[in-house]
Amino acid sequence: MRFRLIPRDESFYPLFNEAAENVAECARRLRELLEEFPDGIGPIDDKVARVTDCERHGDEITRRILRRLNSSFVVPFDREDIHALTEELDDVVDEMQAAADLLVLHNVEKPLPEIKELGDILVEAAESNLILIRKLSRLRGLEPELEAIDRLESAADKAYRRSVAHLFSGEYKAFNVLKWKDVVEAIEASVNCIENVSDIVESIALKHA
C-alpha cells in the first residue's frame with residue numbers, strides 16, 4: 001500500500017459531475033426547443049436563452065476545473081486526461097448552443113420531422129453520459145454506459161443521414177435545406193462529443209486498470 005505525503009485532490013469528481021449534469025440539462029432544454037419550434041408556446045427567444053444559460057454555466061465549470069488543475073499537486077489521473085475531458089464536456093454544450101442559435105439566426109420556418117428523433121437521442125446520450133461520469137471516481141462498471149453511448153452515436157448518425165436525405169428530397173426549398181442542415185449537423189456533433197467523452201473515460205479506465 002503506497003503512502004502519499006500529499007493527498008490526491010478528489011475535488012475534481014464533483015466538478016465533473018456538475019459538468020455532466022449541465023450537459024444533460026442543456027440537452028433537455030434543447031429538445032424542448034426543438035419539439036416546440038417553430039409553432040411552440042411562448043417566445044422562442046426565451047427557450048434559446050435557457051440553452052444559453054447552460055452554455056454559460058458550462059464555461060464557468062470549465063474555468064473552475066482548469067483553475068483547480070493548475071493549483072493541484074496530486075491529481076486523480078493524468079493532467080492531460082483531465083484537460084481533455086473538461087474541454088470535451090464543454091464542447092458538447094457549445095454544439096447544443098450552436099444548434100439553438102442557428103434555429104433563430106436562420107429563421108427556420110418549416111419543421112423537420114426527424115429533428116425530434118435527434119433530440120431524443122441527444123437527451124438519452126446525455127443521460128447515459130451523466131451516469132458514466134458519476135462512475136469516474138471508481139472506474140468500474142462502465143460498460144453499460146459505454147455501450148449505450150456507442151449505440152446512440154450510431155443511431156444519431158443514421159437519423160442524421162435520414163434527415164439529410166429528406167432535406168434533399170425536393171420537399172424543401174433550397175434555403176431551408178441549408179438552414180436545417182446546419183442545425184442537424186450541430187445536434188449530431190453534440191452526440192459525437194458525448195461519444196468523445198466516453199472514449200476519454202474508457203482510456204482513463206484502461207490506464208488505471
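Annotations
- Against the conditions (1) over 30 Å from Leu15 (Cα atoms); (2) open to solvent by 40 Å² or more (accessible area, probe 1.4 Å), Trp180 satisfies every one except (2).
- For the range 33-47, the candidate set comprises residues that are open to solvent by less than 40 Å² (accessible area, probe 1.4 Å) and part of a helix (DSSP H, G or I); within that set, the residue that is modelled with the lowest pLDDT is Ile44.
- Some residue of the range 14-32 being modelled with pLDDT under 85 and either buried (at least 17 other Cβ atoms within 10 Å of the Cβ) or not in a helix (DSSP H, G or I) (or both): no
- Single residue of Arg64, Arg68, Arg50 found to be in contact with a Ser or Thr (Cβ under 8 Å, 6 or more places away or on another chain), open to solvent by 60 Å² or more (accessible area, probe 1.4 Å) and touching a residue at least 12 places away in the same chain (Cβ under 8 Å): Arg68
- Considering residues of the range 71-95 that are in a helix (DSSP H, G or I) and over 30 Å from Leu33 (Cβ atoms) only, the residue most open to solvent (accessible area, probe 1.4 Å): Glu80
- Flag for Ala98 being in a helix (DSSP H, G or I), out of contact with any Cys (no Cβ under 9 Å at 6 or more places or on another chain), buried (at least 22 other Cβ atoms within 10 Å of the Cβ) and not polar (S, T, N, Q): no
- From the list Ala174, Ala159, Ala165, the one residue that fits, being among the hydrophobic types (A, V, I, L, M, F, W, C) and either surrounded by 16 or more Cβ atoms within 10 Å (Cβ to Cβ) or under 30 Å from Val75 (Cβ atoms) (or both), is Ala159.
- Just one residue in the set Glu195, Glu202 is part of a helix (DSSP H, G or I), more than 14 Å from the chain's Cα centre (by Cα) and acidic (Asp, Glu); that residue is Glu202.
- Scan of the range 101-137 for residues that are at pLDDT 95 or above, in contact with a Ser or Thr (Cβ under 9 Å, 6 or more places away or on another chain) and open to solvent by less than 10 Å² (accessible area, probe 1.4 Å), ordered by number: Leu118, Leu122, Ala125, Ala126, Asn129, Leu132
The values are calculated or read from the model by the stated rules, or taken from the named source; none is laboratory data. Please read all numbers here as calculations on a predicted model, not as lab measurements. Please note: Cβ atoms are built from the backbone with ideal geometry, for glycine as well, and neighbour counts cover all protein chains shown. We work out accessible area using only protein heavy atoms, side chains counted, and drop any ligands, DNA or RNA first. Shrake-Rupley method; radii C 1.70, N 1.55, O 1.52, S 1.80 Å.
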